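Everything below concerns the one structure shown next.
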Amino acid sequence: MYYSDYLQLNKILDAQDLESDRLGRHAHDEMLFIIIHQSYELWFKQILFEVRSIHAIMSQPNINDNSPELQKVNNRLQRCIEIMRVLVHKIDILETMTALDFLDFRDMLRPASGFQSTQFKELEAMLGLKMERRHGQEYYTSQLRPEDKAAIENLSKHTTILELMNQWLERMPFAEGEVSEGLVRDEFWSNYRNIYSHSLGEGEHGNVSAFESLFMTEANDEQRVLSAKARRAGLFIFLYRDYPILQNPFRIMNQLLELDELLANWRWRHMNMVHRMIGMRVGTGGSTGKGYLREAAFKHYVFAEFAELTSFLVERSKLPELTPSLKQALSFHA
């Protein structure tokens, strides 16, 4: 095996054809622009490779918390996080190109746009960003080739990581809560509600009714993915995460939140870069440029329901004391 043959470097290093050279108007910074975006797509491919493997693990009907499976999920999520950190920082390199440098070749790219990155759309869809929740739904796939549009729309019909997390949390056997006539009638959660209500500051007492609606009733809300049962399990994990058997579940939830935050940071940095490069001009793909990116950055959080759980935490010193049997169940030696 030879290094360049194994990596197929002839294909990769010959894949930078400058449009400005083809038109006889050489633009020096076009090389940087191409390589940055090609490397983005390579890293998106790696993230998708990891996310698909996580999807396969979480799709199992039963997952043993003491098996290597959850640790694999943790490790692969951490890898995705580290890659996304790199992708956010790559914008620093791209910003060594000035607005005037970009203008040397920008109009040659129309109507191509980073908005046509099907891999990034696939990643969003696999994580849990449904078509109906996207900003500018009609525009979102309008710039894609028919086969790419069909692939994205088909993917959005499949079970997402967020939906798999809901199913996984619903299977958690701890502090499930007894349900009667659609209401949770459970000593632990009733006790916790009272502790929580007394922990609230001035102007926060409306949170009590939100707690009752989200955790104490089983009514379905079409705007949410997590069920009340899954939310109770998620909150229980956040509260008692220091117990050994809950450490891996907490890491998974926390890493999904971190990945979501990094995706938002990437969108935010991209928006600011676009504003710096083209001001208020229309994007090459026909979007409103900064305006579209700003709205998408705010609306495209996938795991917002996980972040919402932190609104209902109390201090460790105020946590309800667990029963001896539950403490034993939460240890590795149960």
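Between [x] 61, 42, 39; [y] 67, 46, 36; [z] 77, 54, 36, which entry matches Cα extents along the principal axes in Å as derived from the coordinates of this structure?
From the options [x] 61, 42, 39; [y] 67, 46, 36; [z] 77, 54, 36, the structure gives [z].
At 0.36 nm per residue, minus the direct Cα-Cα distance, what do ILE34 and GLN167 gain on full extension? Give it in nm, one decimal, please.
43.8 nm
Report relative contact order for the stretch 3-329 in percent, whole number only (criteria: Cα-Cα under 8 Å, sequence separation at least 6).
23
Please label the shape of the stretch 5-49 as rounded, prolate or oblate, based on the square roots a ≥ b ≥ c of the eigenvalues of the alpha-carbon gyration tensor (a/c under 1.5 means rounded; beyond that, a/b larger than b/c means prolate, else oblate).
Oblate, since a/c reaches 1.5 and b/c is not below a/b.
Going by amide H atoms built from the backbone, whose H comes under 5 Å of the H on THR217, apart from near neighbours?
VAL184
Can you classify the stretch 183-234 as rounded, prolate or oblate using the Cα gyration tensor, where a ≥ b ≥ c are the square roots of its eigenvalues, rounded means a/c under 1.5, and otherwise it's prolate if a/b beats b/c and oblate if not?
Judged from the Cα gyration tensor, the stretch 183-234 comes out oblate (a/c at least 1.5, b/c at or above a/b).
Can you give the local net charge around GLU30? Use residues other than it whose beta-carbon is closer than 13 angstrom to its beta-carbon, Lys and Arg +1, Asp and Glu -1.
Value of the local net charge: -4.
Would you calculate the separation in nanometres between label points at SER311 and ARG110, each defined as 7 Å from the Cα along the Cα-to-beta-carbon direction?
Roughly 4.4 nm, to one decimal.
Give, rounded to the nearest 20 debye, the magnitude of the charge dipole that the stretch 156-272 has about its Cα centre when Lys and Arg contribute +1 at Cβ and Asp and Glu contribute -1 at Cβ.
Using only the charged Cβ atoms, the result is roughly 460 debye.
First select every other residue whose beta carbon is under 14 angstrom from the beta carbon of MET108; then total the charges, Lys and Arg +1, Asp and Glu -1.
-4
Which lysines, if any, have their Cα less than 22 Å from the Cα of LYS45, not counting same-chain residues under 8 positions apart?
The reachable lysines, counting only those whose Cα sits under 22 Å from LYS45, are LYS11, LYS72, LYS90, LYS121, LYS130, LYS149, LYS157.
Just subtract the alpha-carbon distance of ASN154 and ALA210 from 0.36 nm times their residue separation and send over the number in nm, one decimal.
Fully extending the segment from ASN154 to ALA210 adds 16.7 nm.
Measuring from label point to label point, each 7 Å out along Cα→Cβ, what is the GLN328 to LYS11 span in nm?
Result for the modelled spin labels: 5.9 nm.
Specify the residue with the greatest mean-square fluctuation among GLU147, GLU82, GLU122, computed from a Gaussian network of the chain linking alpha-carbon atoms under 10 Å apart.
Its mean-square fluctuation being the largest, the pick is GLU147.
A short reminder: the numbers here are calculations on the coordinates, not readings from a lab. Model, not experiment: these values are computed from the prediction. Cβ sites come from the backbone with ideal geometry, for glycine too, and all protein chains shown count toward neighbours.
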